[in-house]
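Structure first, then comments.
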Amino acid sequence: MSDAFTVRVAEDPADREACFAVRKEVFVAEQGVPEDIEYDAHDADAVHLLAVAEDGTPLGTARLLHGAAAAAKNGGDLSAGSLGRLAVLRRARGLGVGAALVRAVEHAARERGLTGVDLHAQTHALGFYERLGYQAYGPEFPDAGMPHRAMRRAL
């Protein structure tokens, strides 16, 4: 596989379906997250980002919550967005897709006037987010049966 890929906002139904298919493969099939909790009401209003190979094959996805949806996840702070559902297909890991998706979420947050991005990271991914400038805070907590920590980065 070539290392060439692009990240774009998923604007049309086909792009959104590609995002959901990546999430299903990574979270439901690979990690065992129950499908009924993987998709939620926030998906309708979220900004979805999609990473695709040069040939258009989906490689990864992430979503940005903003406004009340983000505030509900980050302690009521309306100035911060919430990065979530970051998923990269196994065959695309190690190519920089995850980092590019995080930066695209941050860009989308800045475009909406947000001054920070919060996220709930699986604990095995803390180092990945720390390398991108995120800092963990608060205690470890379970989410979908896996340990997580809250993290934040000012924009």
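The values are calculated or read from the model by the stated rules, or taken from the named source; none is laboratory data. Just so it is clear, the model here is predicted, and its values are computed rather than measured. Heads up, the Cβs are rebuilt from the backbone with ideal geometry, glycines too, and the neighbour counts pull from every protein chain shown.
Can you report the number of residues in region 87-102 which are part of a loop (DSSP other than H, G, I, E, B) and either touching a residue at least 60 places away in the same chain (Cβ under 8 Å) or buried (at least 23 other Cβ atoms within 10 Å of the Cβ) (or both)?
Final tally of qualifying residues: 3.
Filter region 54-81 down to the residues that are within 18 Å of ARG16 (Cβ to Cβ) and either in a strand (DSSP E or B) or touching a strand residue (DSSP E or B) at 6+ places or on another chain (Cβ under 8 Å) (or both) and list them by number.
Those that are within 18 Å of ARG16 (Cβ to Cβ) and either in a strand (DSSP E or B) or touching a strand residue (DSSP E or B) at 6+ places or on another chain (Cβ under 8 Å) (or both): PRO58, LEU59, GLY60, THR61, ALA62, ARG63, LEU64, LEU65, HIS66, ALA69.
I'd like the residue in region 1-20 that is exposed (fewer than 14 other Cβ atoms within 10 Å of the Cβ) and part of a helix (DSSP H, G or I) and, out of all such residues, is nearest to the chain's Cα centre (by Cα).
Within region 1-20, the match that is nearest to the chain's Cα centre (by Cα) is GLU17.
Taking the condition of being among the charged types (D, E, K, R) and either within 16 Å of GLY84 (Cα to Cα) or touching a Cys at 6+ places or on another chain (Cβ under 7 Å) (or both), how many residues in region 121-151 meet it?
Number of matching residues: 3.
So if I check each of GLY32, GLY138, GLY84, which one is farther than 19 Å from ARG8 by Cα, touching a residue at least 12 places away in the same chain (Cβ under 8 Å) and in a strand (DSSP E or B)?
Selected residue: GLY138, the only one of GLY32, GLY138, GLY84 that is farther than 19 Å from ARG8 by Cα, touching a residue at least 12 places away in the same chain (Cβ under 8 Å) and in a strand (DSSP E or B).
Just to be sure I understand the filter: pairs with C-beta atoms under 7 Å, separated by 6 or more residues or on different chains, first member in region 105-129 and more than 11 Å from LEU64 (Cβ to Cβ), second member charged (D, E, K, R) and assigned to a strand (DSSP E or B). Which pairs pass?
If the second residue must be charged (D, E, K, R) and assigned to a strand (DSSP E or B), the pairs left are GLY116/ARG152; GLY116/ARG153; HIS120/ASP143; ALA121/ARG149; THR123/GLU140; THR123/ARG149; LEU126/ARG149.
Only one of GLU111, GLU130 is among the acidic types (Asp, Glu) and within 19 Å of ARG8 (Cα to Cα); which?
The unique qualifying residue is GLU111.
Has region 132-150 got at least one residue that is within 29 Å of GLU54 (Cα to Cα) and either modelled with pLDDT of 95 or more or touching a strand residue (DSSP E or B) at 6+ places or on another chain (Cβ under 6 Å) (or both)?
Yes, region 132-150 has at least one match.
With ALA121, ALA99, ALA136, ALA109 as the choices, which residue is in contact with a Gly (Cβ under 8 Å, 6 or more places away or on another chain) and not charged (D, E, K, R)?
ALA109
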